[in-house]
């Protein structure tokens, strides 16, 4: 009888212990990975993003202390170029997903995307139904949601460049243009991506587009290209370096931020060419992403922290410790903050089985919504793309400073809203020049020649023939190198 009592007591105790164990709730497990490499090809690689990942992860853990959140870099130490990274990114992700991933964790892929490898990563994220967030990618594939149901981006560079330039050109009735890429640009991958988007969209909509590489003015092929442009258009969209851009004298630029590695956007460099190009710079327009500002309170408060973290790790060149690529860091830090709001709002039922919360469901909690992060309102549209606005600016003929002509904003439904801030001023005129000068690009139209033979001077023929290069007014310069 005593033995039976002890048996019952032992069974009861074992049952009780087992019951308590089964009722205990383990912290929700979230596993974030970032494939990248340490290199110098672009400023959105692992070595430059480390400070923002450090602060972003800390912010995420503070906002969701009840979760077990980890982050790891997926790095192949033999990779040092963007071209090689594109080759191995799927191998890196597959090894993690099939061999190293914690099976009961909620997996999330977080990628900079500056090497144009986003589409390769998306193919796997889509197949695995894993949430995929990019922070600097310019890949237009994200807009095809049937192929990208789990992909969202906090990048300020994910504009619909084709549609933006289409509407800009139509607004001023320009239909002929050249799209030029500097093959030696530090961000050649992004430059080619954006130039390709613009070219494809404009050609599909009936614009006459000349697309070429432009190496330097010393290159005979490049000089020949300038001659072709001079005789065929007034509009040049230029993707490349500030030095070669300056040599062209006039340009329209999409510049997310000032950084010494990308060159200086101004006519004055205190050299012998300053006075030569001063007037030419009045012939340019600057299309600038205005949400990306280093002066915002949120970014300003993070700068000293990121700089201190940069000094502590030896992978960032010393000369860049105080010239960090702030918008790249900001969008990476923001991605962690966005995650904090999304997973922090998950209900208890979902959190009991976090590994069953697939990427499509998580993405749906992000798209077509506006989030308040710090003092900023961040809107993600129905395609998973962060909405940003741009300003169209022009150098003043009097102050030689940039002045805003209009602001372009995108709404959640994809509509562009154009708001004029100041009248156009173009060499004493109140409108930009037409698509083609009255006497043709080279001043050789039959009508003008006939009038000249008759002794009739046509106003502006000297301008259209002599400074046609100065009126090639639209040149796109993205993240360019000195």
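Only the coordinates and a few stated rules stand behind these numbers; no lab work does. In this text the structure is predicted, and so the values were computed from the model without any measurement. Glycine gets a Cβ as well: all are built from the backbone with ideal geometry, and neighbour counts include every protein chain shown.
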**Request:** Write down the radius of gyration of the stretch 39-118 and its Dmax, each obtained from C-alpha positions, in Å.
**Result:** 13.9, 40
**Complete:** With R₀ set to 22 angstrom, the calculated FRET efficiency between the beta-carbons of residue 303 and residue 376, to the nearest 0.05, is 0.90
**Message:** At 7 Å along Cα-to-Cβ for each site, give me the label-to-label distance between residue 221 and residue 87 in nm.
**Reply:** 2.4
**Histogram of C-alpha separations across the stretch 64-181, 10 Å bin width, %** = 11, 36, 29, 14, 7, 2
**Item:** Virtual spin-label span in nm between residue 63 and residue 420, 7 Å along Cα→Cβ
**Value:** 4.1
**Fill in**
Label model pair residue 205, residue 436: point-to-point distance (7 angstrom along the Cα→beta-carbon line) in nm is 2.1
**Message:** Counting just the Cα atoms, what span does the stretch 370-443 cover along each of its three principal axes? Round to the nearest Å and put the largest first.
**Reply:** 53, 29, 17
**Prompt:** Based on the Cβ-Cβ distance from residue 144 to residue 364, what FRET efficiency comes out when R0 is 22 Å, to the nearest 0.05?
**Reply:** 0.85
**Message:** Once R0 is set to 41 Å, what does the formula 1/(1 + (r/R0)^6) return for the Cβ-Cβ distance between residue 212 and residue 94, expressed as a FRET efficiency to the nearest 0.05?
**Reply:** 0.60
**Asked** Which of 174, 96 comes first, and how do the rest follow, when ranked by fewest Cβ neighbours within 10 Å?
**Response** 96, 174
